[in-house]
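We did not get these values from a lab; they are worked out from the coordinates using the rules stated. Everything quoted here is computed from the prediction, not taken from an experiment. When we count neighbours, we look across all protein chains shown, and the Cβ atoms used for this are built from the backbone with ideal geometry, even at glycine.
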Amino acid sequence: MSKLRVSGGEARGRRLKAPKNIRPTQGMVKQAIFNMVGPSIEGAEVLDLFAGSGALGIEALSRGAARVTFVDQQPRGLAILRQNLDALGFKERANIVRGDVVRWLEASPEAVRAARFVFLDPPYDDVVLDRALKVLDREVGDATVLAEHSRRQQPPTLSRLRVDRERRYGDTMVTVYTT
């Protein structure tokens, strides 16, 4: 198991577990994402889609998010996520959903509309990013959507969500969408 750290907020410096088969968000990318989000994360409802070990959602909780819904279909990653939430005392502010992200988005429009921030970190070069973004384009309310993906992958053109900015970190791109 690899070790990650929370980079800011009340759990700053605390270690997170991550299974070896999951590609966690690199520290500098996570730091950049939360520099873009800034203090507006405080009190926010957040979705962490393709959550894996939960590094992005846990960072949001550490920085003051009111609640994070974590969605992933990998049981091993979700087991590690539960351990991380327990160790940090964030379990009460977390909702964990085991299931297909796109199906969950389609079945949970109220949760999608309530979110102020949506983090997507699917497997690189997988078409599931496009599918998830298209559902978010239909369902999202007034949220900022941050998608982490391979620089080789060009996300789809959307009707409501507009690219606000893009940042490259080696092979990783972070695309920020707003309504």
>> To make sure I understand, if each residue's beta carbon is the centre and we count other beta carbons within 10 Å, what order do M173, M36 fall in, fewest to most?
In response: M36, M173
> Which listed residue (Y124, I96, A147) has the Cα farthest towards the positive end of the charge dipole for the stretch 90-179, taking +1 on Lys and Arg C-beta and -1 on Asp and Glu C-beta about the Cα centre?
Replying inline: A147
> Amide H to amide H, which residues 5 or more places from Y169 or on other chains are under 5 Å from it, using H placed in the peptide plane?
Replying inline: V174
> Suppose every K and R has +1 on its Cβ and every D and E has -1 on its Cβ; what is the size of the dipole of the chain about the Cα centre, in Debye to the nearest 20?
Replying inline: 580 debye
> To the nearest 0.05, how large is the calculated FRET efficiency for A87 and N35 if R₀ is 35 Å and r is the Cβ-Cβ distance?
Replying inline: 0.90
> Just one of [x] 32; [y] 51; [z] 45 is percent of Cα pairs over 23 Å apart as worked out from the coordinates here. Which one is it?
Replying inline: [x]
> Where the only charges are on Cβ atoms (+1 Lys, Arg; -1 Asp, Glu), what is the dipole of the stretch 38-135 about its Cα centre, to the nearest 20 debye?
Replying inline: 220 debye
>> If the elastic network links every pair of Cα atoms under 10 Å, which of V29, V118, V101 fluctuates the most in the Gaussian network model of the chain?
In response: V29
> Once fully extended, how much extra length lies between E10 and Q73, figured as 0.36 nm per residue of separation less the alpha-carbon to alpha-carbon distance?
Replying inline: 19.9 nm
>> With +1 assigned to the C-beta of every Lys and Arg and -1 to the C-beta of every Asp and Glu, and no other charges, what is the dipole magnitude of the stretch 86-179 about the Cα centre in debye, to the nearest 20?
In response: 200 debye
> What number of lysine-lysine pairs in the chain show an alpha-carbon separation below 29 angstrom, given a sequence spacing of 8 or more or placement on distinct chains?
Replying inline: 10
> Does a label point 7 Å from the Cα of E106, set along Cα-to-beta-carbon, have any residues of the stretch 121-162 with amide nitrogen under 18 Å, and which are they?
Replying inline: 127-140
> In the neighborhood of S159, defined by Cβ-to-Cβ distances under 11 Å, what is the net charge if each Lys or Arg adds +1 and each Asp or Glu adds -1?
Replying inline: +3
> Taking every DSSP beta bridge that has both residues in the stretch 2-178, what percent is antiparallel when rounded to the nearest 5?
Replying inline: 50 percent
>> Which of R93, R168, R116 has the fewest other C-beta atoms within 10 Å, and how do the rest follow up to the most?
In response: R168, R93, R116
>> Compute the angle between helix 27-37 and the longest alpha-carbon principal axis of the chain, please, reported from 0 to 90 degrees and rounded to the nearest 10.
In response: 60 degrees
